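Only one structure is covered here, and it is reproduced in the block below.
Please treat every number below as a calculation from the coordinates, not as lab data. Worth saying up front: this structure is predicted, and the values here are computed from it rather than measured. All Cβ positions, glycine included, derive from the backbone under ideal geometry; neighbour counts span all protein chains shown.
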Amino acid sequence: MLHFVLLIACAVAIYLSCEWFVNAVEWLGERLNVGRMAVGTILAAFGTALPESVVTLVAVTTGATPEAKNIGVGAAMGGPLALATVAYGVTGAMLLLQRRKRRAQVAAGGPAVGDAPEPARELGTPKDMRRLAKDQTWFLPVFLVKVALGLVAFAFKPVLGLAFFAVYAAYFWREIRGDHEEDEEGVELEPLKFQPRAASPATWAVVAQTLVTLVVIFFASQLFVRQLDAIGPMLGLSASVTALLLSPIATELPEIMNAVIWVRQGKTKLALANISGAMMIQATVPSGLGLLFTSWHFDTALVWAGLITMAAIGYLLVMMRTHRLTAGRLALAAGFYVVFGLGLIPILG
């Protein structure tokens, strides 16, 4: 019973911390004079991807056995899978809920909720779709190489880990130097939680709120994963199923919470940018660490995870390229995670 109580408490702590984090990171982006989209793809993504990256780093550098080191490899594969399926799916579901709420308020004679686009239609302009598709076209080839390297063995494979860091550096530079014309004009930031009465909060307060919320997110996420590992066997799930099916969702919970909060605030672009930016980090930094410190060899379950991730991104990329991405079609991305779970049954059985 204690594990279930702690699980719920951690989820609440992560949600509340993420609400304060997105509030702080928007002000941080304003202070650093980076584009609005870079707030999602770089600043927010870096902060929320930090827990998983640390897990991978610790596992691959301090693991006493190859099995212990492979925990980091599993985390490097599970993160992109959960983001490409569950995180995008939850975002689509939230947009559908927002549409229902907006229609109910309009029917009651009240104002519409937020400023998000009508979820029944395409999520954004053709320019927005090109912007989102560009992120996925960065991710997909990098992830394909990442999976291919897990199927072969050669002497200089560890050196290629440095190439993954270089790819992220190039992506980082592109985002930071991006065209600010893509930014939303006239977006008014909510007051900083640390200084709610200040029209323009102090920089120290912005940095302090960012760091404090990151610390809470980090420790709450780790405790959440531990409770999930304990609850899995109670539900009759094997350690392998818990590690591959449930743990990735737990580790990506901050990104999912960020998306929920931003969609609720009507900031759909930031929600999607946070997910795509986190995916780029997950495709490069943990992978580079894994290549440097492990044999980077995939078993059948990891290959299956890679195939489902690529299928989900391929589906979303087609929807974006053909300008047919709606909230409903975005929500369908979560179905790929169901397919992954069903495919695990014969693999692990």
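Only Lys, Arg, Asp and Glu count, each charged at its Cβ (+1, +1, -1, -1), so figure out the dipole size of the range 209-349 about its Cα centre, rounded to 20 debye.
I would put it at about 580 debye.
Under a Cβ-only charge scheme (Lys and Arg +1, Asp and Glu -1), can you give me the dipole magnitude of the chain about the Cα centre, in debye to the nearest 20?
520
For the Cα atoms of the chain, what angle does the longest principal axis make with the long axis of helix 66-82, in degrees from 0 to 90, nearest 10?
30
Of the listed values (i) 62, 40, 35; (ii) 91, 56, 53; (iii) 60, 47, 44, grab the one calculated as Cα extents along the principal axes in Å from the structure here.
(iii)
Ranking request for peptides 340-346, 41-47, 273-279, 204-210: highest mean number of other beta-carbon atoms within 10 Å first, then the rest in descending order.
Ranked from most to least packed, the peptides come out as 273-279, 41-47, 204-210, 340-346.
Quickly rank 136-149, 252-265 as a protection proxy: mean count of other C-beta atoms within 10 Å, highest first.
252-265, 136-149
To the nearest 10 degrees, how steep is helix 203-234 against the longest Cα principal axis of the chain, on a 0 to 90 scale?
On a 0 to 90 degree scale, this one is about 50.
Between residue 299 and residue 200, how high is the FRET efficiency from 1/(1 + (r/R0)^6) when r is the Cβ-Cβ distance and R₀ = 45 Å? Nearest 0.05.
Plugging the Cβ-Cβ distance into 1/(1 + (r/R0)^6) gives 0.25.
In degrees from 0 to 90, rounded to the nearest 10, what is the angle of the helix 253-264 Cα long axis to the longest principal axis of the chain?
20
Taking 0.36 nm per residue of sequence separation and subtracting the Cα-Cα distance, how much length would be gained by fully extending the chain between residue 311 and residue 125, in nm to one decimal?
64.5 nm
Are any of the pairs 101/127; 69/269; 69/134; 69/267 more than 30 Å apart by Cα-Cα distance, and if so, which?
Distance filter (> 30 Å) returns 69/269; 69/134; 69/267.
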